[in-house]
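Structure, as structure tokens:
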Amino acid sequence: MNRILGTTLLAAFVAGCSSMGIGGDAGPKASANLEPTKGNSAAGTVTFAQHGDKVAVSAHVTGLKPGSEHGFHVHEKGDCSSGDGMSTGGHFNPAGKAHGPQTGEHHAGDMPSLKADSSGNASASFELSGVSIGSGAGDLVGKGLIVHANPDDYKTQPTGNAGGRIACAVIRKA
């Protein structure tokens with residue numbers, strides 16, 4: 001009897017936590033399938049999940065220069081039609097802030113750089129503030145996603161001097 005009561009209470013507790021967002025499913029989700037721009041080989045998948053006022057990002061990219069760092073940004077237009085990624089426009093910046101790292105003032109589209117391993121693969125997981133999935137001025141859905149050829153210096157305005165666009169995607173609601 002105690003075992004049944006304990007199991008029932010545990011199930012009720014877990015269900016209650018899930019409904020409060022503790023350990024449960026995230027809110028809205030989005031994803032992007034990165035494809036190489038002309039003459040490049042970088043490709044991958046990126047997922048976005050709303051967790052309260054933050055968005056969790058998980059990226060897996062292949063075809064990068066081994067042992068290198070690459071700028072990684074959300075851009076204002078969800079359009080990869082140009083072949084070089086330039087059709088995505090500039091960094092997504094609805095609040096008109098300066099470019100920079102997540103630890104200070106930054107565009108909504110500024111994200112941590114990707115770091116490729118010795119095989120040219122990069123995996124990254126991080127959280128973004130000031131953006132959302134599916135609503136508000138900071139909505140990522142329908143925006144472009146770009147992997148750049150060079151590291152982001154987080155200083156040069158407005159781009160971070162990250163170089164050419166080697167992979168492009170459109171962020172779509174999942």
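Coordinate-derived values only; no laboratory data. Source: prediction; values computed, not measured. Quick reminder, even Gly has a Cβ in these numbers, built from the backbone with ideal geometry, and neighbours come from all protein chains shown.
How high is the relative contact order of the chain, given as a whole-number percent (alpha carbon pairs under 8 Å, six or more residues apart)? Spell out each step's value before the answer.
Numbers: 454 pairs, mean separation 47.6, N = 174.
It comes to 27 percent, rounded to a whole number.
At a temperature of 4 °C and a viscosity of 1.567 mPa s, determine how fast the chain diffuses translationally according to Stokes-Einstein, using the Kirkwood radius over alpha-carbon pairs as Rh; express D in µm²/s, rounded to the nearest whole number.
Answer from the Stokes-Einstein relation: 76 µm²/s.
What is the angle, in °, between the Cα long axis of helix 2-19 and the longest principal axis of the Cα atoms in the chain? Nearest 10 is fine, range 0 to 90.
30
Which net charge results when you count Lys and Arg as +1 and Asp and Glu as -1 among the other residues whose beta-carbon is under 11 Å from that of LYS97?
Residues close to LYS97 contribute a combined charge of -2.
Compute a Gaussian network model of the chain, connecting alpha carbons closer than 10 Å, and tell me which residue from THR103, THR156, THR47 fluctuates the most.
Between THR103, THR156, THR47, it is THR103 that shows the largest mean-square fluctuation.
Among LYS38, LYS54, which comes first, then next, by fewest other beta-carbon atoms within 10 Å?
Fewest to most other Cβ atoms nearby, the residues stand as LYS38, LYS54.
Report the net charge of residues surrounding ASP152, where surrounding means a beta-carbon distance below 10 angstrom and charges are Lys +1, Arg +1, Asp -1, Glu -1.
With Lys, Arg at +1 and Asp, Glu at -1, the net is -2.
Quick one: order MET111, MET86 by neighbouring beta-carbon count within 10 Å, fewest to most.
MET86, MET111
I'd like the distance between the alpha-carbon centres of the stretch 97-153 and the stretch 67-89, rounded to an integer number of Å.
About 11 Å separates the Cα centre of the stretch 97-153 from the one of the stretch 67-89.
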